[in-house]
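One structure below.
The values are calculated or read from the model by the stated rules, or taken from the named source; none is laboratory data. Bear in mind that the values here come from a model prediction, so they are computed numbers and not experimental data. With ideal geometry, Cβ positions are generated from the backbone for all residues, glycine too; neighbour counts draw on all protein chains shown.
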Amino acid sequence: MFGLNRKNFAIMDATVGDHASIADLHGLNFARGWTTSEIDKLAEQSNTFVLVARTVGEPDAPVLGFNIVRHTPQEAEILSIAVDQRGRRRGLGDALMREAILRLRADRISNLLLEVDIENEAAIKLYEKLGFETIAQRPGYYDKKDENGLRAHTSALVMSLSLG
Ligand SMILES: CC(C)(COP(=O)(O)OP(=O)(O)OC[C@H]1O[C@@H](n2cnc3c(N)ncnc32)[C@H](O)[C@@H]1OP(=O)(O)O)[C@@H](O)C(=O)NCCC(=O)NCCS
């Protein structure tokens, strides 16, 4: 599955059958996991779409990545995005973001927002490459454990991309 080059994956809408593997991937990447039924509920909302990256020709394999996006008529927000650790640096995160941006532009939504941990260099670099700019900082926003298992707080950057 993970001998991927940049061409043998595709971005598409998640199916209900993908939600368990999205929940698994979410749980591996974020301190507060989301259950399959939380993903089911999100995906049912008409103002939310869930994209997945999958290996071409492997429709039943676990997803390689996901991007969950919520929007109003004016503005959208990345709720969560992650790529399987074994599939990183192959353009999947970029492709998941670009597909979301294309769809939001087609719907004439003018702005895309997200929050990211100030220590998350990979994600910040990805967003900057796509043209996002930092518009605010939320000190102590994330509640985490440091390398010694002690409680720690890090700031969030609020980043914005104009889609106009
Ligand atoms: C952030 C994340 C989604 C990126 O996914 P990815 O598929 O590895 O990213 P891509 O291969 O599409 O990389 C696109 C660009 O992002 C930047 N980037 C990605 N990972 C990077 C890293 N580890 N270090 C520095 N830059 C990085 C680079 O500019 C890269 O372009 P390049 O490969 O041409 O240099 C992935 O690291 C991830 O799932 N992280 C854990 C979950 C997470 O933090 N989500 C974001 C929460 S806000």
Which ones in region 130-151 are farther than 29 Å from residue 95 by Cα and among the polar types (S, T, N, Q)? 148
Return the pair list, or none, for Cβ contacts closer than 6 Å from residues in region 127-140 that are of a type in the set (Val, Ile, Thr) to residues that are modelled with pLDDT of 95 or more, at least 6 apart or on different chains. 134/157; 134/159; 135/158; 135/160
For residue 154, the lone unmet condition from (1) in contact with an Asp or Glu (Cβ under 8 Å, 6 or more places away or on another chain); (2) modelled with pLDDT of 95 or more; (3) part of a strand (DSSP E or B) is (2)
Hey, any hits in region 117-137 for a residue that's away from the ligand (no atom under 13 Å from the Cβ), over 19 Å from residue 163 (Cα atoms) and not aliphatic (A, V, I, L, M)? yes
By residue number, the members of region 106-164 that are touching a Ser or Thr at 6+ places or on another chain (Cβ under 7 Å) and among the aromatic types (Phe, Trp, Tyr) are 132, 141, 142
Mind listing whichever residues of region 55-87 are surrounded by fewer than 18 Cβ atoms within 10 Å (Cβ to Cβ), more than 13 Å from the chain's Cα centre (by Cα) and either within 12 Å of the ligand (Cβ to nearest atom) or hydrophobic (A, V, I, L, M, F, W, C) (or both)? 56, 61, 85, 86
In region 147-164, the residues that are closer than 18 Å to residue 102 by Cα and surrounded by fewer than 16 Cβ atoms within 10 Å (Cβ to Cβ): 162, 164
Checked region 89-116 for anything more than 11 Å from the ligand (Cβ to nearest atom), more than 13 Å from the chain's Cα centre (by Cα) and not hydrophobic (A, V, I, L, M, F, W, C); matches are 103, 105, 107, 108, 110, 111
Region 39-115: strands (runs of 3 or more DSSP E) wholly inside it with 2 or more residues that are closer than 20 Å to residue 134 by Cα are 65-71, 75-83
